[in-house]
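One structure is given below, encoded as structure tokens.
Every read-out reported here was derived from the displayed coordinates using simple, explicitly stated rules and does not represent laboratory data. Because the structure is predicted, anything quoted here is derived from the model rather than measured.
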Amino acid sequence: MNNFKELRLQDVSNGALYNAVNEVEPTLDLTSPALKVLNSFTQKDPLRAHASTTIVDALKQTSNRCSDFILVVDDTDKLVGITSSADLQSSKIMILAQRLNLHRDEVTLHDVMTPLNNLAGVSLQSISYACIGDALQTMEHQGMMFLLVTSAEHEICGLISAREIAKKLHIPVNINPIANSFSEVMQHIDHPH
């Protein structure tokens with residue numbers, strides 16, 4: 001233990017406990033740093049589920065972990081898409097089940113997820129200089145409910161959710177998905193979100 005030094009002790013005789021509950025969290029607005037709404041995968045392990053997971057099982061997982069989103073992965077644990085807990089509870093599921101000629105309990109995450117190829121990412125460095133409004137503008141312009149964030153090594157290290165921004169800032173967010181093919185146009189006509 002010769003390589004270490006003894007820490008200086010503090011007087012704790014007054015018994016005062018730090019009470020983080022009483023601290024008022026600063027109010028966020030569109031000019032606040034985008035890092036304030038970043039779901040960093042290095043700070044909190046995100047909820048992951050296999051693409052074949054049913055909606056019923058996925059809902060149980062989101063309620064157990066208090067997560068607003070699920071990273072949908074394949075057999076090799078590679079990200080293939082994202083879905084929100086709100087989507088799992090929406091009327092979109094029943095419409096999709098009818099269209100696929102399935103029972104609601106048979107619909108899987110693969111059926112409802114936003115595929116990775118419909119998402120985009122920005123660098124963590126860009127987000128560190130951006131404000132929430134910049135991130136939201138990017139998502140609105142791209143028609144995406146999620147904005148992935150990548151590390152310097154181009155690995156996905158976090159995400160920003162439009163629904164979370166709406167919830168935290170108490171503002172409406174109206175993002176219209178951009179269709180890249182005729183089948184996507186038809187899908188959006190059936191169920192816009």
Report task. Return the subset of LYS78/LYS168; LYS36/LYS167; LYS92/LYS167; LYS44/LYS168; LYS78/LYS167; LYS60/LYS167 for which the Cα-Cα distance in this structure is over 24 Å, preserving the input order. Result -> LYS78/LYS168; LYS78/LYS167
Query raised in the report: So what is the orientation-averaged projected area of segment 96-170, using the convex hull of its C-alpha atoms, in nm²?
Result: 6.6 nm²
Query raised in the report: Per residue and in cubic angstrom, what volume does the convex hull of the Cα atoms of segment 21-84 have?
Result: 126 Å³
Report summary line: Amide H contacts under 5 Å for ILE175, restricted to residues at least 5 apart in sequence or on another chain and with H modeled in the peptide plane, are none
